[in-house]
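Working notes, structure below.
The values are calculated or read from the model by the stated rules, or taken from the named source; none is laboratory data. All values reported here derive from a predicted model rather than from experimental measurement. Cβ placement follows ideal geometry from the backbone for every residue including glycine, while neighbour counts extend to all protein chains displayed. Just so you know, the surface numbers come from the protein's heavy atoms only, side chains and all, with ligands and any DNA or RNA stripped out. Shrake-Rupley method; radii C 1.70, N 1.55, O 1.52, S 1.80 Å.
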Amino acid sequence: MGKPLSRERRNTLLGLAFLSPNILGFLAFTVIPLVFSFFLAFTNWDLKLHNAFKNEPIQFAFLSNFLRLLRDGEFYQYLGNTLFLMMNIPLAIAGSLGAALLLSKDMRGGSPRVRHWLIVSAALLLSVAALCLVGLHAGAFVILLSGLAGLMLFGGVLGGSTLYRTVFFIPHFTSGVAVFILWKKLYNPSNGPVNNALARPLLALGRAINATPPGVIRAGLAVSLALAVALALWGLTRLLRMSRDGALGTAAAALPLAMLLAPCVAMALCCPHRPVGRVVGLLTLAVALGLIIAECLRGRDFPARPSQGFGDAFMLALLLMLAQLILLGLGSVAYGLPEQAADGLEPPAWLSVYDWAKPAIMIMGLWGAIGSNNMLLYLAGLSNIPAELYEAADIDGASRFQRFWHITWPQLAPVTFFIFIMSVIGGLQGGFEMARTMTNGGPAGSTTTLSYFIYTQGFSTGRLGYASGIAWVLFAMVFTVTLFNWKFGSRYVND
Amino acid sequence: MSTTEASFEPVAPAARRGTAGTVTGSSASRFLRTGLLHLLLVALGFTFALPFVWMILTSLKPLDEVGLDAWLPMNLDFRWGNYGEVFHVIPFARFYWNSIFIAAWVTFLQVFTSSLAAFSFSRIPWRGRDRVFLLYLATMMLPGLVMMIPNYQIMIKLRLVDSYVGLILPAAFSAFGTFLLRQFMLTIPTSLDEAAEIDGASKWQVYWDVILPLCRPGLITLTIFTFIGNYHSFFWPLVMLKTVDKYTLPIGLLFFDSTRGQTTNLLMAAVTMSVVPMIVLFVLLQRYLVRGIQLGAVKG
């Protein structure tokens, strides 16, 4: 063994020896490309200029790639697409939480006796259904579907939540090129099953719309504008109250405030029905400004610590912003309905039209995201909530909603925050596979996300320097979110 | 993150079932509520499964019935031959083999090198170790895209474009695997390897005979995740592969879709054949997968 010094040296050698296979690969395929890529971002390397036939020297281009990016209209469009698709995230999180709540319930009804009843009645239900199907001379398709549902029910009653969990999880697990191709076929505008199924209900809906006076339906826009404004103002007063109570500092209020008022700004700038939207948006902003100034003049009763209630304020603002955007979208759809319904409503052409391509991708995303890893994380989180908390709530006579709102939701806050951050990081980098397999980024760039943009620049157009520059900008965004997580994540989590 | 300490406690949602959703009330009301819960879950699960039902049924139709409203083929005349035809139209067996071959190599290399590195990071005290480990961690949050462009240029220079080696090597060394196994090894008490060393075991023997067997759950989790991740891997094969015979399944499917996408029935047969193994794999391995994902929460 020898002296301690030689032991230390021996350990270093051994440690490096064990590390060497991994670190060599790590250096070759991570660190070196990373440094290389960083330098690339500052060069004008373009395969159109620098190839076997035309070998101009590669020049150091300082910040020109980044300056060009700032002036590139396409970049903003694709950034907008990426953010638009990310609006799925809160919906997906809510879906995962809902699924996890359902799956965490006791499937056996609390006692073996009830479980036996369940099994017997499931069997009874199935046999009655089978008799009905035979009696009504049901077609093979109906029999197939009812058989599937019956099998699922019987499996669930016998096996408990595992079966349902598996069925929920499979869309996420299989997600990949194969499933995207499947959805492309499902969305086929002329003969896909989605539009085949939608055709008849839409026909009926079109007739109903034609029968009602257009003014009534157009009023839907007014109602949804009013609701969106009411939500924004309600959220604003909540934020102001939090700030007055010392739960939210000025700096920490900035982001929730911006999120809350963003839909109103959007309304004022680019509402599809301009005069109305502009007036309502501007009025709301004026009222909001007035409220904030009044609050500032009044002064605070308690000095606020910088970011104590940030998590709650952020969540509130996020949910309200999403609700407002959904309301605005629904309102403008309702506004246009009478015109469209005049010659009959037809199902949308999904992936082949600009306006519907993104919603189509988002619906597919939700199908895969509800039963995803997030659901499993929520299940684990739910099982870690101490039972005593619920017992105490029961003694206090808490309602089901109160139990959720005051125990489950706060106890799950760390999980929610983690899922949210991971989804945002994934969302910023996402959309490549769907764009490549389903739409090639189209129509007219409506499904091109940043990652697909980098791919086309770097691998189709050959602008290696520019593509690296965009990639580093993307990295900067991801890094900002990570910093945000470090700054607020642990605090929110440990509340 | 601060939560890493508790990371490898077995997470068993079923073990404490009923904390969040304790059922109270009389038997009759419990029966009613649980029954309704089951019906709701069946309805949800049914909706989730519908696209797959359409996929399988369409793969069994003749081509001229694909666009019809009816999901089943006419007269229940199932065309099982569609599945065989896929193998004639495109080299589908070849795609399967490529996918499995590449994923297997990547998985083997990654698990092996990651476990060695994790052993070094968790069991051998050497100077600068923690700083190197931090560097590993830092690269985990880099978007893979940043590295893709230079990596491709490197592959061109090394003449590895369109080769298996060029596909396997960059994927074979992962910071995440190292991190995962290191966390796992840290939960194994050091007294075990100290005892082995007193008995005269070398570091290699400690690694091979003591640590690796104790790490089995972690190794299994990493193996499954790496394999599946690689089976799905899309970007790198897409840019690297040029000859059809070397395509992996995802790239092969994309090729099928873009060249003969009009034959929806055959395309769906191919899609079914690439999705169904995943479903079977999940059902068989779900114990490890679910636990692995719930542990993965800690990776941030």
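Brief remarks on what is shown
- A 1.4 Å probe, protein heavy atoms only, puts the accessible area of A:V120 near 90 Å².
- When the surface is traced with a 1.4 Å probe over the full set of protein chains, B:M74 keeps roughly 100 Å² accessible.
- Mean Cα-pair separation over length for chain B, i.e. relative contact order, pairs under 8 Å, 6 or more apart, %: 33 percent
- The sum of -39500 (n - 2.57) across all DSSP H runs of n ≥ 4, divided by the residue count of chain B, sets its helix-only mean residue ellipticity at 222 nm to -21500 deg cm²/dmol.
- These residues, A:R10, B:R291, A:R400, go from largest to smallest accessible area, 1.4 Å probe, as A:R400, A:R10, B:R291.
- The Cα trace of the range B:90-260 gives Rg and Dmax of 19.0, 66 Å, the first to one decimal, the second as a whole number.
- Relative contact order, whole percent, for the range A:212-347 stands at 45, derived from Cα pairs under 8 Å and 6 or more residues apart.
- Alpha-carbon radius of gyration plus Dmax, which is the widest Cα pair, for the protein assembly as shown in Å: 28.7, 97
- For the pair B and A, total buried accessible area rounded to nearest 100 Å², probe 1.4 Å: 10000 Å²
- Partners for A:K185 among aspartates and glutamates (Cα-Cα distance below 17 Å; same-chain residues under 8 apart left out): A:E433, B:D64, B:E65, B:D69, B:D257
- Solvent exposure of A:E388, expressed as accessible area, is near 120 Å², computed with a probe of 1.4 Å over the protein chains only.
- Relative contact order %, the range B:90-260, counting alpha carbon pairs below 8 Å whose residues are six or more apart: 44 percent
- Cross-link reach is defined here as a Cα-Cα straight distance under 19 Å, omitting same-chain residues fewer than 8 places apart; for A:K48 the lysines meeting it are B:K157.
- Surface share of carbon and sulfur [accessible, 1.4 angstrom probe, percent] for the protein assembly as shown: 68 percent
- Magnitude of the charge dipole, the range B:90-260, Cβ model with Lys/Arg +1 and Asp/Glu -1, debye to 20: 520 debye
- Here is the size of chain B from its Cα atoms: Rg then Dmax, 24.5, 76 Å.
- Note on A:158-171: average number of Cβ atoms from other chains within 10 Å of each residue's Cβ is 5.
- For the Cα trace of the range A:1-130, dividing Rg by the Kirkwood Rh returns an Rg/Rh value of 1.34.
- Solvent-accessible surface of protein heavy atoms, probed at 1.4 angstrom with all chains present, puts A:S190, A:S64, B:S27 in the order A:S190, A:S64, B:S27, largest first.
- Å² per residue, accessible surface of chain B at 1.4 Å: 44 Å²
- Candidate residues A:E8, A:E391: accessible-area rank, largest first, probe 1.4 Å: A:E391, A:E8
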